[in-house]
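Following: one structure in structure tokens, then a few remarks.
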Amino acid sequence: MAYRDKKGHTCILSECKNESRDESRCWHRNRSPSGTNEWSNPPQVETIERIRRAPESAGGEFIGDAKPGVCVVTRAGWKQVKLRIQKFRGIASPRLRHEERKGKGMTLRSLLVTASLAPVALMAMLVFSPAVATDLFSVTLLGTGSPVPLPNRNGPSTLVEVNGQKLLFDAGRNNTVALFRARIPLGTITATFLTHLHSDHVNGLPDLYLTGWIGVPFANRQSPFAVYGPSGTSAMMKNLYDAFSEDRRIRHADEHYSLSAAQVEAHDIEAGVVYERDGVKVTAFTVNHGELIKPAFGYKVEYSGHKIVLSGDTKYTSNVEQQGSGADVIIHEVAIVAGDTEAAINKNPVFREVLNHHTSPAEAGTLFKNARPRLAVFSHIVMIAPTFSVSDDEILRQARKTYDGPLVVGEDLMRIRVSDTEVSVERP
């Protein structure tokens, strides 16, 4: 996503999305209103800079054509990583980048608004670009929020698409809505993996299980509902199955849906390899979400020499660091306080317990620094603030105290693609 301030400054980074920011405060790329390219505070080789076009002095490489949304990440001694923020320009060619010149091209947001007023036939053509043949992984952040029912952040849930399989990690509030918006049929989820059994990570399971069974194009599951999770998962899923026995009876008798696809295959897992199919391997590893929440798991997904690591809910732990060492992507939870931490805790002591169960931005930054992923992503963002709203800028500011590498603050429906040569980030 390219952000432009009132002076004509353009930057693709979330740190710069505040339009009121003075361009002199940004070390990224300046673009004057006349269209000439200027640089302020040029990046150095020793630090990672994320810029639209990297000068030779930074060891950068230009990717693609001269359009906004192209981002290069370089650092001396690190394997070059390419991040490409892509925009929709038209229905026929959804992966073409957004035109730079004012008045040309369409952002995804404007395209969605236009399509919402169009006939159904046109709307049917509007889809998010699916995982393509060159992608080893496609990761979609379905929900990046917390128990707080924020309208802009669903409950925690992440979809990993790899080698024809759709693996869901946690099933928080509105995960089915996010899947629908991402044009992923609910019935095509291969398996669901739970990090722990806190309600905000599982309260979307009934909807996913039952709606995914309905025999319509956006659902239509044809096999049992597979769930993997810590001890207690099987009992929870049995209770869920029993609770909706009347729904199954009616729909089977009335609409003739297959009862076999309404079955549940639940697995209580331990640390280790918990899933392996067609070269895709999922490993569960323990994390520290507090003394009374055991086991709690993080997950590592491996395929063709690449890996994605999801931290689950945890305090800073070396397990995530070890499992995530050299990963293509680490998706990590984060908890942040807006303003005076002690004042917030004194006002509501439960906040201390919340913070004691999670990782701060600076702590996560230290972990990223040691693990050195190609890309680090914050998700499951726990905000302690009067309005439960903390800016991306503030989260990044605190993380940058300990980490200067490739890092983005996740948002719902952000998609991350991983190939042999690049990691690309598509903002909704």
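The values are calculated or read from the model by the stated rules, or taken from the named source; none is laboratory data. Just so we're clear, the structure is a prediction, and the values are computed from it rather than from any experiment. Using ideal geometry, Cβ is built from the backbone for each residue, glycine included, and neighbour counts are taken over all protein chains shown.
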Residue 322 fails exactly one of the following numbered conditions: (1) touching a helix residue (DSSP H, G or I) at 6+ places or on another chain (Cβ under 9 Å); (2) under 17 Å from residue 301 (Cα atoms); (3) surrounded by 21 or more Cβ atoms within 10 Å (Cβ to Cβ). What is the number of that condition? (3)
Select, from 271, 235, the only residue that is surrounded by fewer than 17 Cβ atoms within 10 Å (Cβ to Cβ), within 28 Å of residue 358 (Cβ to Cβ) and touching a Phe, Trp or Tyr at 6+ places or on another chain (Cβ under 7 Å). 271
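Given the structure, is residue 193 buried (at least 21 other Cβ atoms within 10 Å of the Cβ), touching a residue at least 24 places away in the same chain (Cβ under 8 Å) and either over 28 Å from residue 355 (Cβ atoms) or more than 19 Å from the chain's Cα centre (by Cα) (or both)? Reasoning before the result, please.
On the way: buried (at least 21 other Cβ atoms within 10 Å of the Cβ): yes; touching a residue at least 24 places away in the same chain (Cβ under 8 Å): yes; either over 28 Å from residue 355 (Cβ atoms) or more than 19 Å from the chain's Cα centre (by Cα) (or both): no.
No, not satisfied.
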Filter the stretch 272-306 for residues that are among the small types (Gly, Ala, Ser) and in contact with a helix residue (DSSP H, G or I) (Cβ under 9 Å, 6 or more places away or on another chain); which is nearest to residue 170 (Cα to Cα)? 298
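Tell me which residues, restricted to the stretch 275-288, are assigned to a strand (DSSP E or B) and more than 22 Å from the chain's Cα centre (by Cα). Explain how you work it out, then say what you get.
The initial filter retains those residues of the stretch 275-288 that are assigned to a strand (DSSP E or B), namely 275-277, 280-287.
If the condition is that a residue be assigned to a strand (DSSP E or B) and more than 22 Å from the chain's Cα centre (by Cα), then 276, 277 are the ones that fit.
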Identify all residues within the stretch 370-412 that are among the aromatic types (Phe, Trp, Tyr), under 25 Å from residue 347 (Cα atoms) and part of a strand (DSSP E or B); write none if there are none. none
Give the stretch 131-186 a look and list any residue that's surrounded by fewer than 22 Cβ atoms within 10 Å (Cβ to Cβ), among the basic types (Lys, Arg) and touching an Asp or Glu at 6+ places or on another chain (Cβ under 9 Å), or say none. 181
Go through the stretch 373-401 residue by residue and tally those that are β-branched (Val, Ile, Thr) and under 26 Å from residue 422 (Cβ atoms). 3
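Going through the stretch 309-368 one residue at a time, which ones are among the polar types (S, T, N, Q) and part of a loop (DSSP other than H, G, I, E, B)? First the steps, then the outcome.
Quick first cut of the stretch 309-368, residues among the polar types (S, T, N, Q) only: 311, 314, 317-319, 322-323, 325, 341, 346, 348, 356, 359-360, 366.
Matches in the stretch 309-368: 311, 314, 317, 325, 348, 359, 360.
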Starting from residues that are in contact with a helix residue (DSSP H, G or I) (Cβ under 9 Å, 6 or more places away or on another chain) and more than 28 Å from residue 388 (Cα to Cα), keep the ones in the stretch 307-319 and report whichever is surrounded by the fewest Cβ atoms within 10 Å (Cβ to Cβ). 318
Checked against (1) within 27 Å of residue 164 (Cβ to Cβ); (2) buried (at least 24 other Cβ atoms within 10 Å of the Cβ), residue 333 satisfies every condition except (1)
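Output the residues belonging to the stretch 127-152 that are among the aliphatic types (A, V, I, L, M) and at pLDDT below 95. It would help to see each step written out before you state the result.
From the stretch 127-152, those among the aliphatic types (A, V, I, L, M) are 127, 131-133, 136, 139, 141-142, 148, 150; that's our starting set.
Matches in the stretch 127-152: 127, 131, 132, 133, 136, 148, 150.
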Verdict on residue 221 being buried (at least 17 other Cβ atoms within 10 Å of the Cβ) and over 33 Å from the mean Cα position of the chain (by Cα): no
